[in-house]
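Derivation of every value follows stated rules applied to the coordinates shown; laboratory data play no part. These numbers come from a predicted model, not from an experiment. Cβ coordinates were reconstructed from backbone atoms using ideal geometry, including for glycine residues, and neighbour counts include every protein chain displayed.
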């Protein structure tokens, strides 16, 4: 069984390991002639006679018959392969030259170079997984923290798909009740009251809305959670960034207004990737135009950040009124107050909501572990919980859910207004359509081409 997939009749090949030199490199060959093409450049056990999921040591031959390398060929027969088609993976030594010549030999034997994401696209076409799970493969490859890895793994295993299938079933139930209403419109029968239909649509709408709102959190976990360090000039913000990063990333000076723009670096805290941002010091008594622009950017960074560290200078603390004014528009539940230079004095100012600041001496490296733990706890507060693994991380999926939410609101309005069932059904079909685009049940070749072009070649 060769595992023919409509539209994917040819055989493709590519290096699946990262570009560059390594101990080994792996070439993947996939398609209905994958095994016979590999046999043409293989000297050893005839792979066409090999059982699926078996590995064989042999010699790879160049087109002129000379030895290219010794390697291991692993055979995966359809449909029990990643793509659902016959597949061979050849492990060779990781020389760039060997990798290049191996692909050339496979092309000369009848394969063609794969396009970006083509292996995963074939797996999608074969029904190995849906579109949201395919996109999770790319997220898994790109994951740079334990939390991002866990999120991608769960999505690849169908966490989002299962939830959307549950919503789809509820909408199909609603559709069936509407169809019954249409079929027996001339009879004095009621299969479900409009009140019950509204309740069904409200429950679906509530869950779609909840999923849509998780996109910001999901993206933050995937790309790095923005943590802005805010405070007055000379509070020690740049020193704090350097201390947390473990490197002299930001210039430290006693001159007020040294930091003019946002300085960002990435660190791992616990299971999370953090985008730590040092910002320009806040003060009113400056006529410097460039510094004023920097201060405006600091305030914007505070509004956009998932977490804010408001750093206070113990030797010259900001007043409560100043703090409240400077944090206008920020999410107060995600603010960590910290007071620096406690080695010099211990002036603890009154803070909004009677908050208790974390005491720091960045100079003496005291209090930093407490601050790190506080950052992790804040992240867990908004990213943790029972649904921590059911987050939307993809802009295309978020847009489709937003469209489904809009259609569902129109559906609710139609149900409440009492208009005929055939008109209500149109909004219902729209909601189902938008949910289906998330998993790829409804899609277009152009959308698929765009999605899979973002994958690396060889995946």
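Tabulated results
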{"item": "Kirkwood-Stokes translational diffusion coefficient of the chain, alpha-carbon pairs, 10 °C, 1.306 mPa s, µm²/s", "result": "60"}
{"item": "Neighbour-count ranking [beta-carbon atoms within 10 angstrom, fewest first] of 107, 92", "result": "107, 92"}
{"item": "Translational D in µm²/s for the stretch 122-170 (Stokes-Einstein at 10 °C, 1.306 mPa s, Kirkwood Rh from C-alpha pairs)", "result": "142"}
{"item": "Where Rh is the Kirkwood radius over Cα pairs, Rg/Rh for the stretch 280-377", "result": "0.96"}
{"item": "Estimated [θ] at 222 nm from DSSP helical runs (n ≥ 4, -39500 (n - 2.57)) normalised by residues in the chain, nearest 500", "result": "-14500 deg cm²/dmol"}
{"item": "Square roots of five times the Cα gyration tensor eigenvalues for the stretch 359-459, Å", "result": "44, 24, 9"}
{"item": "Ascending count of other beta-carbon atoms within 10 Å, so fewest first, for 407, 315", "result": "315, 407"}
{"item": "Gain on full stretching of the segment that runs from residue 248 to residue 166 - 0.36 nm per residue minus C-alpha separation", "result": "24.5 nm"}
{"item": "With Cα atoms, 0 to 90° folded angle of helix 159-183 axis to the chain main axis", "result": "80"}
{"item": "Residue order, fewest to most surrounding Cβ atoms within 10 angstrom, among 271, 405", "result": "271, 405"}
{"item": "Pair-distance profile P(r), taking every C-alpha pair of the stretch 12-128, with 10 angstrom steps and integer %", "result": "15, 50, 31, 3, 0"}
